[in-house]
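K.L.:
Let me begin by handing over the structure; questions about it come next.
The values are calculated or read from the model by the stated rules, or taken from the named source; none is laboratory data. The structure displayed is predicted, hence computed values, not measured ones. In this analysis, Cβ positions are derived from the backbone assuming ideal geometry, glycine residues included, and neighbour counts consider all displayed protein chains.
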Amino acid sequence: MLAPRNSESHKGDNGRILVIGGGAYVGAPALTALAALRAGADIVTVAAPSSVSGIIASFSPNLIISSLTSDVLVPDDVPIITELIAKHDVVVIGMGLGKSEPAARAVRAIVPLCKKVVIDADALSALEFPLQGAIITPHVGEFESLSNMHLPKDLKKRTEMIKKFAKDSGAVVLLKGKMDIISDGERAKINKTGNPGMTVGGTGDVLAGIVGALYATNSAFEAALVGAFINGRAGDFAFNKYGFGLLATDVIDNIPKAMKP
Amino acid sequence: MESVTEIITSKQIRAIDINSEYVGIPRLVLMENAGKAVANVVRERFDKGKITILAGRGNNGGDAFVAARHLKGFDVQVMLLGSADDIKTKEAKINWDRLKDTKVTLAEVRSSKDLDKTYIMDSDVIIDAIFGTGITGKIREPEATAIDLINASNTFVISIDIPSGMNPDTGKGEKIVHPDLTITFHKMKRGLIGVPNVKVVDIGIPEEAELLAGPGDFRC
């Protein structure tokens, strides 16, 4: 169960989230950042390559933007990012980075610096295991390529495999799919919320933002589990209204409703 | 699959309760199954006699009200600690009301003076359902005196889910019932490790309530 919010808390106590993304894409890190805010984070900073940071800033006045040096994430950005990590509780990395070699090298340098990190999308292909304090949020294809394992169709067998991978890698795994599987290597749970309308682009970025926000004040397993539940439920509310025309931004709008009893 | 020796925390119990409802098995059903399970265990050991049920105002008491209803043929008195108006949950209230037209004797114990000491001491079985796994705060009256009376009796004492007064996660408490038998529900609690004669009984919590993410995972 999630930690209750203290009524005496002040700005920052309920989560400072650093989103590292963008370069190849512009919208993805903004979706993550806005989702984190809607999920209850107090402060969200987006660190993005200078080529896209201005555009991301223009999406919303609620975002704080930190501009990096190049047109993709590069190892030269690591000093700036190291300073930013110290000022935040959770790092969410990967959305919209693109699959360039410099970005992969930068990711490999950044991830070990983070106490709590949510790793998604393009950052997943750059990982080295074991990891500590990490939640990884791959879909089936991403999981198979990062683990060199083939996932069976059978849910029970698939769950056992995810559990074993979580144990061996040290990371909490949130495998996205029709049935999400969440495991910390000891426990494994299934999430059934969500719908086929959520195959639209950007819903994975939203999920990473929710999980990041929850991770600030909860354990990695609970953040991943409850994040998956809330994201799917918000998507179900959006589906009721928009059907297969739902957008990732509709999912974000429904996060507060999905977090209510 | 995990065996019955798997241990759950009080936090997990609260989550499982909510998630059971979410997957379609409401608390009233679980309460019915729990109370029936208690009555079955009593029948395995006794075939007639006088039973005192000391019940609190929460769901633990509610489980005992169901047990009372299923103990036909026994001479049962339910002593509710407090007034019926103060029963805390909808499910417990429903099951209290269901006892009104039965042969079960109902008493509302508003202060420790109202406790029928002679009846309690003369009973063949005492069922302890004062506090469950949701226990919080200090133990007040008349609960404190009731716990003392149970412990002073030479009667066979059965605690429902957990001995009253015990923190299910630590096994500690300022004042705890010492039962002859504890019937605990669903899975073992950490606090019960080392307590003699604990029986774990199934109350029909669906597997999905623990396997699937649900609102119980984020609501207290």
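K.L.:
Kindly evaluate residue B:181 against the criterion of being farther than 14 Å from residue B:8 by Cβ, away from chain A (no Cβ under 14 Å) and either in contact (Cβ under 8 Å) with a residue 12 or more places away in the chain or not hydroxyl-bearing (Ser, Thr, Tyr) (or both).
P.N.:
Yes, satisfied.
K.L.:
Something else about it: Residues that are assigned to a strand (DSSP E or B), under 15 Å from the mean Cα position of the chain (by Cα) and more than 14 Å from chain A (Cβ to nearest Cβ): does the stretch B:161-177 have at least one?
P.N.:
Within the stretch B:161-177, the subset assigned to a strand (DSSP E or B) is none.
No, the stretch B:161-177 has no match at all.
K.L.:
Another one. For the subset of the stretch A:244-261 comprising residues that are touching a residue at least 40 places away in the same chain (Cβ under 8 Å) and hydrophobic (A, V, I, L, M, F, W, C), which member is surrounded by the fewest Cβ atoms within 10 Å (Cβ to Cβ)?
P.N.:
A:244
K.L.:
I would also like to ask the following. So is residue A:16 farther than 23 Å from residue A:203 by Cα and not aliphatic (A, V, I, L, M) or not?
P.N.:
Details: farther than 23 Å from residue A:203 by Cα: no; not aliphatic (A, V, I, L, M): yes.
No; evaluated as a whole, the condition is false for this residue.
K.L.:
Can you find a residue in the stretch B:191-206 that is away from chain A (no Cβ under 11 Å), outside any strand (DSSP E or B), on the phi > 0 side of the Ramachandran plot and in contact with a Pro (Cβ under 9 Å, 6 or more places away or on another chain)?
P.N.:
Yes, the conditions are met somewhere in the stretch B:191-206.
K.L.:
Please go through (1) out of contact with any helix residue (DSSP H, G or I) (no Cβ under 8 Å at 6 or more places or on another chain); (2) surrounded by fewer than 16 Cβ atoms within 10 Å (Cβ to Cβ); (3) more than 14 Å from chain A (Cβ to nearest Cβ) for residue B:117 and return the number of the only condition it doesn't satisfy.
P.N.:
For residue B:117, the exception is condition (1).
K.L.:
Take the stretch A:1-32 and flag every residue that is within 28 Å of residue B:12 (Cα to Cα), over 16 Å from the mean Cα position of the chain (by Cα) and more than 14 Å from chain B (Cβ to nearest Cβ).
P.N.:
Correct list: A:7, A:8, A:9, A:13, A:14.
K.L.:
Another question about this same structure. Testing residue A:98 on (1) outside any helix (DSSP H, G or I); (2) closer than 19 Å to residue A:45 by Cα, one condition comes back false. Which one is that?
P.N.:
Going through (1) outside any helix (DSSP H, G or I); (2) closer than 19 Å to residue A:45 by Cα one by one, residue A:98 breaks only (2).
K.L.:
Here is a further query. Only one residue in A:160, A:142 is away from chain B (no Cβ under 14 Å) and modelled with pLDDT of 95 or more, so which one is that?
P.N.:
Answer to the check: A:142.
K.L.:
Residue B:130: surrounded by 15 or more Cβ atoms within 10 Å (Cβ to Cβ), farther than 13 Å from residue B:56 by Cβ and touching an Asp or Glu at 6+ places or on another chain (Cβ under 8 Å), yes or no?
P.N.:
Working: surrounded by 15 or more Cβ atoms within 10 Å (Cβ to Cβ): yes; farther than 13 Å from residue B:56 by Cβ: no; touching an Asp or Glu at 6+ places or on another chain (Cβ under 8 Å): yes.
So residue B:130 does not fit the description; no.
K.L.:
Quick one: which helices (runs of 4 or more DSSP H) sit completely within the stretch A:163-261 and have at least 2 residues that are within 14 Å of chain B (Cβ to nearest Cβ) and out of contact with any His (no Cβ under 8 Å at 6 or more places or on another chain)? Outline the logic, then answer.
P.N.:
Values: elements: A:203-215, A:220-242, A:248-253, A:255-258.
Where helices (runs of 4 or more DSSP H) fall fully within the stretch A:163-261 and carry at least 2 residues being within 14 Å of chain B (Cβ to nearest Cβ) and out of contact with any His (no Cβ under 8 Å at 6 or more places or on another chain), they are A:203-215, A:220-242, A:255-258.
K.L.:
Right, another one. Tally the residues that are within 17 Å of residue A:28 (Cβ to Cβ) and in a loop (DSSP other than H, G, I, E, B), restricting the search to the stretch A:111-144.
P.N.:
Residues flagged as within 17 Å of residue A:28 (Cβ to Cβ) and in a loop (DSSP other than H, G, I, E, B) within the stretch A:111-144 amount to 3.
The rows are residues; the columns are (1) of a type outside the set (Ser, Thr, Tyr); (2) closer than 26 Å to residue A:16 by Cβ.
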residue: A:199; (1), (2): no, no
residue: A:212; (1), (2): yes, yes
residue: A:218; (1), (2): yes, yes
residue: A:223; (1), (2): yes, yes
residue: A:231; (1), (2): yes, yes
residue: A:246; (1), (2): yes, no
residue: A:250; (1), (2): yes, no
residue: A:253; (1), (2): yes, yes
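The rows are residues; the columns are (1) within 12 Å of chain A (Cβ to nearest Cβ); (2) among the basic types (Lys, Arg).
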{"site": "B:8", "(1), (2)": "yes, no"}
{"site": "B:11", "(1), (2)": "yes, yes"}
{"site": "B:14", "(1), (2)": "yes, yes"}
{"site": "B:20", "(1), (2)": "no, no"}
{"site": "B:27", "(1), (2)": "no, yes"}
{"site": "B:36", "(1), (2)": "no, yes"}
{"site": "B:41", "(1), (2)": "no, no"}
{"site": "B:48", "(1), (2)": "no, yes"}
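K.L.:
Which is more than 13 Å from the chain's Cα centre (by Cα) and modelled with pLDDT under 95, of B:97, B:101, B:85? It would help to see each step written out before you state the result.
P.N.:
Details: B:97 fails: modelled with pLDDT under 95; B:85 fails: modelled with pLDDT under 95.
Within the list B:97, B:101, B:85, the selection yields B:101.
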